[in-house]
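Have a look at the structure below before the remarks.
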There are 4 protein chains.
Amino acid sequence: MVLLELSVVPLGAGESVSQHVAECVALIEQSGLEYELNAMGTIVEGELDQVLAIIDRCMRHLAKSHDRVTCSAKLDYRKGRSGRIRAKVDSVREKLA
Amino acid sequence: MVLLELSVVPLGAGESVSQHVAECVALIEQSGLEYELNAMGTIVEGELDQVLAIIDRCMRHLAKSHDRVTCSAKLDYRKGRSGRIRAKVDSVREKLA
Amino acid sequence: MVLLELSVVPLGAGESVSQHVAECVALIEQSGLEYELNAMGTIVEGELDQVLAIIDRCMRHLAKSHDRVTCSAKLDYRKGRSGRIRAKVDSVREKLA
Amino acid sequence: MVLLELSVVPLGAGESVSQHVAECVALIEQSGLEYELNAMGTIVEGELDQVLAIIDRCMRHLAKSHDRVTCSAKLDYRKGRSGRIRAKVDSVREKLA
């Protein structure tokens with residue numbers, strides 16, 4: 001499984017982007033994949049083709065109403081692991097305790 | 001105020017990096033700045049010089065025991081705003097409701 | 001068309017990653033898409049599905065021999081534009097002259 | 001020495017950002033550090049405090065005329081190495097030949 005953190009932002013659409021982010025989160029919600037929203041992006045867990053499809057859907061959605069769309073994405077694949085949206089944080093917290 | 005999301009990873013230190021992340025989170029904890037840990041990085045809020053100092057401290061710390069250290073950082077400055085680790089997420093959630 | 005800058009790095013594979021980068025650049029070369037290698041990543045221009053397929057191919061290739069593979073990717077879509085690997089740089093340089 | 005790739009973009013400043021990028025490149029030029037401009041960012045080589053000062057200067061410059069400024073930055077420190085804007089590319093090209 002792969003963790004994807006993405007943030008998709010249209011340029012030329014003003015200073016506030018929360019409406020656009022909300023539209024992308026709604027698309028992620030529809031995918032049924034586990035996700036977590038944070039202040040700098042949205043983290044999604046799925047198979048590689050599933051998370052790349054999320055990037056595809058979010059960019060195509062915003063490109064319908066904006067002429068320029070940027071995306072920053074970080075992917076983290078680890079063999080045989082899942083449930084990492086929670087497990088990676090727990091693993092760090094245990095070492096801080 | 002500025003939001004920083006950073007992830008600092010040594011190369012050549014094996015597949016698991018949670019110990020190194022924990023050491024960086026401890027440094028962030030010492031700074032007294034508000035922060036939130038997630039599966040793909042740590043989000044910190046502070047003045048620009050404060051958040052750049054976090055990058056500096058974390059990279060120098062890991063460089064003491066690793067010959068190669070990489071960092072990915074995203075910064076988001078917005079005039080007159082603070083408390084955005086929570087507010088940015090709330091602003092999106094309101095639009096999803 | 002979309003510009004993609006990607007950098008794909010296995011964790012647990014030692015300090016030097018140039019061999020892995022070279023294998024990914026060879027895959028990009030095979031795609032026939034226009035690309036430019038730089039010190040921090042490789043920039044590729046193509047349609048959205050073409051550049052996402054590059055991320056897919058590079059991550060699957062490195063995942064054959066590494067249990068953990070990370071990728072950082074930035075995408076920049078702009079309606080009606082192409083040849084931007086060169087044009088974006090020229091547009092900045094004109095403003096510096 | 002550290003390689004930094006940065007891209008600093010104001011939000012709410014329209015679709016084209018090349019003018020803002022040019023202003024940041026002029027600041028980098030003034031620093032005297034070695035740099036290379038590409039279609040997705042600017043790569044600079046310097047000591048850690050020097051490259052962090054570049055991020056500081058570019059963000060403060062754009063924040064004078066824009067209420068929201070975002071920055072994405074990747075840093076790559078490697079002990080005992082310099083001249084890596086060229087050397088990292090050559091090292092990959094050798095393995096492709």
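The values are calculated or read from the model by the stated rules, or taken from the named source; none is laboratory data. Remember, predicted model here, so these are calculated numbers, not experimental data. Neighbour counts run over all protein chains shown; Cβ positions are idealised from the backbone, glycine included. These accessible areas exclude ligands, DNA and RNA; they are computed on the full protein's heavy atoms, side chains included. Shrake-Rupley method; radii C 1.70, N 1.55, O 1.52, S 1.80 Å.
A few points about this structure:
- Identity of the residue in segment C:19-29, away from chain B (no Cβ under 14 Å) and not small (Gly, Ala, Ser), that ends up surrounded by the most Cβ atoms within 10 Å (Cβ to Cβ): C:24
- Residue selected from segment D:78-97 under the condition more than 18 Å from the chain's Cα centre (by Cα) and not basic (Lys, Arg), by the criterion least open to solvent (accessible area, probe 1.4 Å): D:92
- Of the residues examined, residue D:51 is one that is surrounded by 21 or more Cβ atoms within 10 Å (Cβ to Cβ), closer than 22 Å to residue C:74 by Cβ, within 11 Å of the chain's Cα centre (by Cα) and of a type in the set (Val, Ile, Thr).
- Within segment C:10-34, the set of residues being out of contact with any helix residue (DSSP H, G or I) (no Cβ under 7 Å at 6 or more places or on another chain) and either of a type in the set (Val, Ile, Thr) or within 15 Å of residue C:72 (Cα to Cα) (or both) comprises C:11, C:17.
- Qualifying residue in segment A:4-18 (condition: more than 14 Å from chain D (Cβ to nearest Cβ) and open to solvent by less than 50 Å² (accessible area, probe 1.4 Å)): yes
- Scan of segment C:56-97 for residues that are touching a Ser or Thr at 6+ places or on another chain (Cβ under 9 Å), over 21 Å from residue A:9 (Cα atoms) and small (Gly, Ala, Ser), ordered by number: C:91
- Inspection of segment A:57-71 finds no residue satisfying the criterion of being under 21 Å from residue C:68 (Cα atoms) and touching a helix residue (DSSP H, G or I) at 6+ places or on another chain (Cβ under 7 Å).
- Flag for residue B:75 being facing another protein chain (nearest Cβ under 7 Å), surrounded by 15 or more Cβ atoms within 10 Å (Cβ to Cβ) and not charged (D, E, K, R): yes
- Given (1) free of Cβ contacts under 8 Å to residues at least 60 places away in the same chain; (2) over 30 Å from residue A:67 (Cβ atoms); (3) at the interface with another protein chain (Cβ under 7 Å from one of its Cβ atoms), index of the condition residue D:38 fails: (2)
- Tally of residues being in contact (Cβ under 8 Å) with a residue 24 or more places away in the chain and touching a strand residue (DSSP E or B) at 6+ places or on another chain (Cβ under 7 Å) across segment C:83-97: 2
Yes/no per residue for (1) within 23 Å of residue A:53 (Cα to Cα); (2) within 12 Å of chain D (Cβ to nearest Cβ); (3) not in a helix (DSSP H, G or I):
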{"site": "C:45", "(1), (2), (3)": "yes, yes, yes"}
{"site": "C:50", "(1), (2), (3)": "yes, no, no"}
{"site": "C:55", "(1), (2), (3)": "yes, no, no"}
{"site": "C:59", "(1), (2), (3)": "yes, no, no"}
{"site": "C:69", "(1), (2), (3)": "yes, no, yes"}
{"site": "C:86", "(1), (2), (3)": "no, yes, no"}
{"site": "C:89", "(1), (2), (3)": "no, yes, no"}
{"site": "C:93", "(1), (2), (3)": "no, yes, no"}
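- Residue D:32 being buried (at least 17 other Cβ atoms within 10 Å of the Cβ), over 23 Å from residue B:3 (Cβ atoms) and more than 14 Å from chain A (Cβ to nearest Cβ): no
- Selection of segment A:1-29 for residues being free of Cβ contacts under 8 Å to residues at least 60 places away in the same chain, under 16 Å from residue A:63 (Cα atoms) and under 11 Å from the mean Cα position of the chain (by Cα) yields A:21, A:24, A:25, A:27.
- Flag if residue C:37 is touching a helix residue (DSSP H, G or I) at 6+ places or on another chain (Cβ under 6 Å) and assigned to a helix (DSSP H, G or I): no
- Residue check: residue A:13 meets all listed conditions (1) at pLDDT 95 or above; (2) assigned to a loop (DSSP other than H, G, I, E, B); (3) closer than 27 Å to residue B:97 by Cβ but one, namely (1).
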